[in-house]
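*Asks:* Below is one structure. I have some questions about it.
The values are calculated or read from the model by the stated rules, or taken from the named source; none is laboratory data. Being a predicted model, the structure only gives us computed values, none of them experimental. With ideal geometry, Cβ positions are generated from the backbone for all residues, glycine too; neighbour counts draw on all protein chains shown. When the accessible area is computed, the model is the full protein with side chains, heavy atoms only, and any ligands, DNA or RNA have been set aside. Shrake-Rupley method; radii C 1.70, N 1.55, O 1.52, S 1.80 Å.
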Amino acid sequence: MDTNIEHYDFQAKETGPHLLVFGAIHGNETCGPKAIEKIMGQLKSGELELKKGRVTFVPLCNPRAYKQNVRQTEMNLNRVFKKHGNPQAYEEHLANALIPFVDQCDYFLDIHSFTAEGNPFVIQKNEDKVTDAFAKIVGPMTIMFSATDTYKGNSESVDGKTLGYAQSVNKTAVLVECGQHLDPNAPIIAEQAIMNSFIHLSLVAIPSDHVQPSGHLFVLERDMVVKPANGGELVKAWRHMDMMTKGEVLAFTGDNQPITAPYDGYVLLPKSWAEPGQEWFFLGVQKHDFL
Ligand SMILES: [Zn+2]
């Protein structure tokens, strides 16, 4: 199977951190490839110069899905992102081909977009000061903490997500969700995320002592609601990050049982079009203990 991954390396004379940038883990998320192409153009022309360290770009992590403008061909690459001893699906082969890039980097920026309406946000999984600082400079003001227990029943320590794999090999990693897939602003958010990472890691000669944006909202992803076997319907067209109040009805199951908010918090990444048995929406709470 042809899983040669197109990748580009830029290395400065002076040593420094090695940043890895992924685009299009999901084939229909075009903001990453667009932003990577633009920044690589600037690096090639000399308009942008790497002062130290190294950057590796993988613009199209799922080239076949990208060509078809679909999220995935056989499996969700961001659920099978781990080493496969006997890879079967195309995305399992891709995971095996992409993992060495993560193994070799120091910092990892994974660029995505989403289907629901809503504002851009950053996801981090590691809870340490280096990751916190990285997440805060990416751009979007909302930072979501990916739950570790979302995939209960999975006995493996790695949850099959890029951030989970990066955590398992002690890499500093964040994922940026740049907005709705077709939002014309999404490639701009993606470009800023790459540039902000360059500045933060002092890879370019732009002072990194710029004032950090304040007023971040930190949200902890706590629960996943799976669409019941008998289907169901959301009570309204929830947007990502809509607030919910404890006891509020969020959705009805196919046999009209209400699904209520178990606590005050937020509705995350609702998918009204989810099939029975699929991820329907997530629930989150504000994270107060963030420093
Ligand atoms: Zn994605």
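*Asks:* Considering ILE206, ILE194, ILE199, which residue is of a type in the set (Val, Ile, Thr) and either at pLDDT 95 or above or open to solvent by less than 10 Å² (accessible area, probe 1.4 Å) (or both)?
*Replies:* Numbers: ILE206 fails: either at pLDDT 95 or above or open to solvent by less than 10 Å² (accessible area, probe 1.4 Å) (or both); ILE199 fails: either at pLDDT 95 or above or open to solvent by less than 10 Å² (accessible area, probe 1.4 Å) (or both).
It is ILE194.
*Asks:* Restricting to segment 74-86, give me the number of residues that are surrounded by fewer than 22 Cβ atoms within 10 Å (Cβ to Cβ) and either within 13 Å of the ligand (Cβ to nearest atom) or over 14 Å from GLY164 (Cα atoms) (or both).
*Replies:* Total meeting the criteria: 7.
*Asks:* Looking at ALA89, ALA65 in this structure, which one is small (Gly, Ala, Ser), assigned by TED's automatic domain parsing to the domain that holds LEU20 and either at positive phi or buried (at least 19 other Cβ atoms within 10 Å of the Cβ) (or both)? Walk me through how you get there before you give the answer.
*Replies:* Working: ALA89 fails: either at positive phi or buried (at least 19 other Cβ atoms within 10 Å of the Cβ) (or both).
Result of the check over ALA89, ALA65: ALA65.
So that you can scan it fast, the table gives a plain yes or no per residue for (1) open to solvent by 70 Å² or more (accessible area, probe 1.4 Å); (2) modelled with pLDDT under 95; (3) not hydrophobic (A, V, I, L, M, F, W, C):
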residue	(1), (2), (3)
VAL211	yes, yes, no
PHE218	no, yes, no
GLU221	no, yes, yes
LYS287	no, yes, yes
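*Asks:* Looking at ALA97, is it part of a helix (DSSP H, G or I), among the small types (Gly, Ala, Ser) and open to solvent by less than 10 Å² (accessible area, probe 1.4 Å)?
*Replies:* Considered against the rule, which asks whether it is part of a helix (DSSP H, G or I), among the small types (Gly, Ala, Ser) and open to solvent by less than 10 Å² (accessible area, probe 1.4 Å), ALA97 comes out as no.
*Asks:* Follow-up. Quick one: is ARG71 touching a helix residue (DSSP H, G or I) at 6+ places or on another chain (Cβ under 7 Å), open to solvent by 50 Å² or more (accessible area, probe 1.4 Å), at pLDDT 95 or above and of a type outside the set (Ser, Thr, Tyr)? Quick ask: steps written out before the conclusion?
*Replies:* Details: touching a helix residue (DSSP H, G or I) at 6+ places or on another chain (Cβ under 7 Å): yes; open to solvent by 50 Å² or more (accessible area, probe 1.4 Å): yes; at pLDDT 95 or above: yes; of a type outside the set (Ser, Thr, Tyr): yes.
Taking the combined requirement at face value, the residue satisfies it.
*Asks:* I'm trying to understand the selection: among the residues of segment 100-130, which are over 19 Å from LEU201 (Cα atoms) and part of a helix (DSSP H, G or I)?
*Replies:* Result: PRO100, single match.
*Asks:* Right, another one. Taking interchain pairs and intrachain pairs at least six residues apart, which have beta carbon atoms under 8 angstrom, with the first residue in segment 22-51 and open to solvent by 20 Å² or more (accessible area, probe 1.4 Å) and the second among the hydroxyl-bearing types (Ser, Thr, Tyr) and part of a helix (DSSP H, G or I)?
*Replies:* Hits for this filter: ASN28/TYR66; THR30/TYR66.
*Asks:* When you go through (1) within 24 Å of HIS200 (Cα to Cα); (2) in contact with a strand residue (DSSP E or B) (Cβ under 8 Å, 6 or more places away or on another chain) one by one for LYS34, which number turns out not to apply?
*Replies:* Unmet condition: (2).
*Asks:* Please work out if PHE114 is touching a residue at least 40 places away in the same chain (Cβ under 8 Å) and either closer than 23 Å to SER272 by Cα or within 14 Å of the ligand (Cβ to nearest atom) (or both).
*Replies:* Details: touching a residue at least 40 places away in the same chain (Cβ under 8 Å): yes; either closer than 23 Å to SER272 by Cα or within 14 Å of the ligand (Cβ to nearest atom) (or both): yes.
The answer is yes for PHE114.
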